[in-house]
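Okay, structure first, notes after.
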Amino acid sequence: MNTVSPYVPLLGLMALAAVFMVGAIVASGHIGPQRYNRSKYDSFECGVEATPAPVGGGRFDVKYYVTAMLFIVFDIEVVFLFPWAVAFDKLGTFAVVEMGIFIVVVFAVYLYVLRRGGLDWD
């Protein structure tokens, strides 16, 4: 008796996605408008005319990096909280206490950043 591997539908779906992706890229090159101009290829900076880069390289404000790190911290928090919330009814008291400690630590970091002005945009 021949049985089909459970991976065959997955491989078929991946092949279909690849064909669709390549087809969409090829079709957009043929169907899309062919108007090329300088402003189309200029960099866009929030509606402001692009400025030339400084000779020694530009400096970004530290707040951009702080915001990026905060985003990563809260992303990681969600990555840990979501599976915990899904399996909450199967977990014991130990898991609830551990997650409470995790939430308190993340909240303390949030309060620290808030007091230091990391969320204030001047």
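The values are calculated or read from the model by the stated rules, or taken from the named source; none is laboratory data. Since this is a predicted model, take the numbers as computed values, not measurements. Cβ sites come from the backbone with ideal geometry, for glycine too, and all protein chains shown count toward neighbours. Calculation scope for accessible area: heavy atoms of the full protein, side chains included, ligands and nucleic acids excluded. Shrake-Rupley method; radii C 1.70, N 1.55, O 1.52, S 1.80 Å.
Which of the residues belonging to segment 48-80 are aliphatic (A, V, I, L, M) and modelled with pLDDT of 75 or more?
Within segment 48-80, 66, 68, 69, 70, 72, 73, 76, 78, 79 qualify.
Give the residue that is farthest from residue 120 (Cα to Cα), with candidates limited to residues of segment 77-96 that are assigned to a helix (DSSP H, G or I) and open to solvent by less than 80 Å² (accessible area, probe 1.4 Å).
That would be 95.
I need every pair where a residue in segment 94-122 that is more than 20 Å from residue 66 (Cα to Cα) and of a type outside the set (Gly, Ala, Ser) has its Cβ under 7 Å from the Cβ of a residue that is modelled with pLDDT under 90 and surrounded by 11 or more Cβ atoms within 10 Å (Cβ to Cβ), sequence separation at least 6 or different chains.
These pairs meet every condition: 99/84; 102/80.
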